[in-house]
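Values in this text are rule-based calculations from the coordinates and carry no lab data. As the structure is a prediction and not an experimental result, all values here were calculated from the model. Please note: Cβ atoms are built from the backbone with ideal geometry, for glycine as well, and neighbour counts cover all protein chains shown.
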Amino acid sequence: MEEEEIINRVASSALEVFDLEDYYPAGMRTQIDISQWLDEGFLLREKHFREQLKNHDWQQYEGHYVAVYCSTDAILPAWASILVTVQLAPYARKVVSGTISNLDTALYQELLPTLDYSVYQDKPVIIKGCSKKPVPMSAYVLAAQNLQPYAKSIMYGEACSAVPLYKAAKK
């Protein structure tokens, strides 16, 4: 009995894989909780708050991507987060209001529109679904929007089990 050669049809197809992990911005991500500078985590006393910020070691965030949030239900004036941001600005690479997920979303929102999607012109594209890095769902949505004007088709997942999302009209 003759053995059949195993052919990897995915590798030999025209299918292009768009992997958002390839564009995951490298760098330390840090979340800063404003509640640490509030009385009992809830009450902002301006003089005390400013003093706490003045005495905080901001240099420890050198080169970090930073998300500023409050873990309690404290009602904060808008300037509180802004004042923390002003302190971080000389050190952090980027500061956002919210969680690490909000931070990653902001990073992808900056990055994805700058890519050259013309390399996917008239090609079937699969947006790789499984990732080891915390790629936010919003990045997948933005990637699909950017790929759609170029791609012949867009799928999501893995080549062996892709979900079709878009197919361009025949020209």
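Below are the figures for this structure:
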{"item": "Net charge over other residues, Cβ less than 13 angstrom from the Cβ of residue 98 (K, R count +1; D, E count -1)", "result": "0"}
{"item": "Phi to ³J(HN,Hα) by Karplus 6.51 cos²θ - 1.76 cosθ + 1.60 over the range 158-165, Hz, x for Gly, Pro", "result": "10, 3, 6, 8, 7, 9, x, 10"}
{"item": "Farthest positive-ward along the range 1-130 dipole, Cα basis, beta-carbon charges - from 15, 89, 111", "result": "89"}
{"item": "Given charges at beta-carbon only (K, R positive; D, E negative), |dipole| of the chain in Debye", "result": "640"}
{"item": "Lys pairs, the chain - Cα-Cα below 12 angstrom, 8 or more residues apart or on other chains", "result": "5"}
{"item": "Amide H contacts of residue 70 (H built 1.01 Å from N, under 5 Å, at least 5 apart or other chain)", "result": "34"}
{"item": "Long-range amide H partners of residue 129 with built H, under 5 Å", "result": "157, 158"}
{"item": "Residues whose placed amide H lies under 5 Å from that of residue 92, excluding near-sequence neighbours", "result": "63"}
{"item": "Of the trypsin sites (Lys or Arg not before Pro) in the range 64-142, those whose Cβ has at most 11 other Cβ within 10 Å and which sit in DSSP loop", "result": "132"}
{"item": "Convex hull volume per residue for the chain, taking Cα atoms only, in Å³", "result": "180"}
{"item": "Gap separating the Cα centres of the range 107-128 and the range 14-54, nearest whole Å", "result": "28"}
{"item": "Net charge of Cβ neighbours under 11 Å - reference residue 129; Lys, Arg +1; Asp, Glu -1", "result": "-2"}
